[in-house]
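Right, one structure below, let's go through it.
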Amino acid sequence: MRRIKINSKITTMPHKGRHSRGYLPHIDSSGITQFITLRLFDAVPTQLIERWKEELAQTSEFSEDSEERKRQLVRRIARFEDRGHGECFFLEPTVSRFAAQTLIQDLENVGNWVIMPNHIHFLFRPAPEPSLGLQIKNLKGKTARGANKLLNRRGTFWFPDYFDRMIRDEEHLRKTRYYIEQNPVKAGLVPRAEDWQFSSAYNRE
């Protein structure tokens with residue numbers, strides 16, 4: 001539950017559950033382990049995502065709310081971002097270090113994680129309050145302000161939305177952990193997951 005103030009009185013607001021803000025579907029709930037992805041503002045152009053959504057919508061084998069259609073969209077986005085498009089602010093070690101520290105210190109129950117050149121993946125079990133959306137908003141705000149200061153820049157830092165996927169079971173959790181830590185290897189950045197400094201694999205070693 002999220003506490004808000006109305007006419008000087010404290011009340012609560014529940015998590016939103018399953019919802020969308022126009023880009024990607026979300027499940028805003030506490031106590032459920034989620035796979036979260038945050039992308040830099042120029043990692044994947046919004047226009048390209050909209051074009052992919054239109055292409056998938058025209059494929060008759062996918063219904064409007066089918067899980068396979070959502071998975072296809074996520075796969076296209078992941079392949080594109082792994083090619084290192086955009087300014088890739090996280091190639092600056094001080095920015096990646098700050099983002100990693102903020103992620104671990106400001107969020108409770110963070111599992112496997114990786115800071116890629118233009119995006120971040122992590123596993124996260126949200127606390128009961130505030131809502132998942134607000135926790136992510138606070139994290140993005142703090143990292144954006146700190147990173148912009150380190151880069152001596154102003155302006156938009158993050159893509160306006162974020163991606164989350166609820167972890168269904170132990171097998172899904174195992175595969176997601178592997179995907180997160182192997183992302184630098186898959187992107188051709190290092191030969192082993194343990195070689196990528198800004199990740200749970202490296203820090204575990």
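Could you tell me whether any residue of segment 157-176 is of a type in the set (Val, Ile, Thr) and modelled with pLDDT under 95?
First pass over segment 157-176, keeping only residues of a type in the set (Val, Ile, Thr): 167, 176.
Subset that is modelled with pLDDT under 95: 167.
Taking every residue of segment 157-176 in turn, at least one turns out to be of a type in the set (Val, Ile, Thr) and modelled with pLDDT under 95.
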Checking GLN105 against (1) out of contact with any Phe, Trp or Tyr (no Cβ under 9 Å at 6 or more places or on another chain); (2) surrounded by 12 or more Cβ atoms within 10 Å (Cβ to Cβ), the condition it does not meet: (2)
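Take the residues in segment 108-131 that are hydrophobic (A, V, I, L, M, F, W, C) and part of a loop (DSSP other than H, G, I, E, B), then tell me which one is farthest from VAL95 (Cα to Cα).
To start, the set of residues in segment 108-131 that are hydrophobic (A, V, I, L, M, F, W, C) comprises 110, 113-116, 120, 122-124, 127.
Pick out the ones that are also part of a loop (DSSP other than H, G, I, E, B) and you get 116, 127.
Numbers: MET116: 11, ALA127: 26 Å.
Applying the filter and picking the extreme gives ALA127.
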Any hit, segment 103-120, residues being touching an Asp or Glu at 6+ places or on another chain (Cβ under 9 Å) and modelled with pLDDT under 95: no
Breaking point among (1) in a helix (DSSP H, G or I); (2) in contact with a Lys or Arg (Cβ under 9 Å, 6 or more places away or on another chain); (3) over 21 Å from LYS186 (Cβ atoms), for ARG97: (2)
Failed item in (1) in a helix (DSSP H, G or I); (2) in contact with a helix residue (DSSP H, G or I) (Cβ under 8 Å, 6 or more places away or on another chain); (3) under 17 Å from LEU38 (Cα atoms); (4) open to solvent by 10 Å² or more (accessible area, probe 1.4 Å), with THR143 passing the rest: (4)
Test set (1) surrounded by fewer than 18 Cβ atoms within 10 Å (Cβ to Cβ); (2) farther than 19 Å from ALA43 by Cα; (3) modelled with pLDDT under 95 - ARG192 fails condition number: (3)
Count - residues of segment 156-188 that are β-branched (Val, Ile, Thr) and not in a helix (DSSP H, G or I): 2
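Report yes if PRO130 is surrounded by 16 or more Cβ atoms within 10 Å (Cβ to Cβ) and in contact with a strand residue (DSSP E or B) (Cβ under 7 Å, 6 or more places away or on another chain), otherwise no.
Details: surrounded by 16 or more Cβ atoms within 10 Å (Cβ to Cβ): yes; in contact with a strand residue (DSSP E or B) (Cβ under 7 Å, 6 or more places away or on another chain): yes.
Spelling it out, PRO130 is indeed surrounded by 16 or more Cβ atoms within 10 Å (Cβ to Cβ) and in contact with a strand residue (DSSP E or B) (Cβ under 7 Å, 6 or more places away or on another chain).
Matching residues to (1) under 30 Å from LEU151 (Cα atoms); (2) open to solvent by 40 Å² or more (accessible area, probe 1.4 Å); (3) modelled with pLDDT of 90 or more:
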{"site": "LYS53", "(1), (2), (3)": "no, yes, no"}
{"site": "SER60", "(1), (2), (3)": "no, yes, no"}
{"site": "SER66", "(1), (2), (3)": "no, no, no"}
{"site": "HIS85", "(1), (2), (3)": "yes, yes, yes"}
{"site": "VAL95", "(1), (2), (3)": "yes, no, yes"}
Residue check for ALA99: surrounded by fewer than 20 Cβ atoms within 10 Å (Cβ to Cβ) and touching a Gly at 6+ places or on another chain (Cβ under 9 Å): no
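The values are calculated or read from the model by the stated rules, or taken from the named source; none is laboratory data. Keep in mind it's a predicted model, so treat the numbers as computed, not measured. Cβ: placed from backbone, ideal geometry, glycine included. Neighbour counts: every protein chain shown. Please note that ligands, DNA and RNA were not included when accessible areas were found on the heavy atoms of the full protein model with its side chains. Shrake-Rupley method; radii C 1.70, N 1.55, O 1.52, S 1.80 Å.
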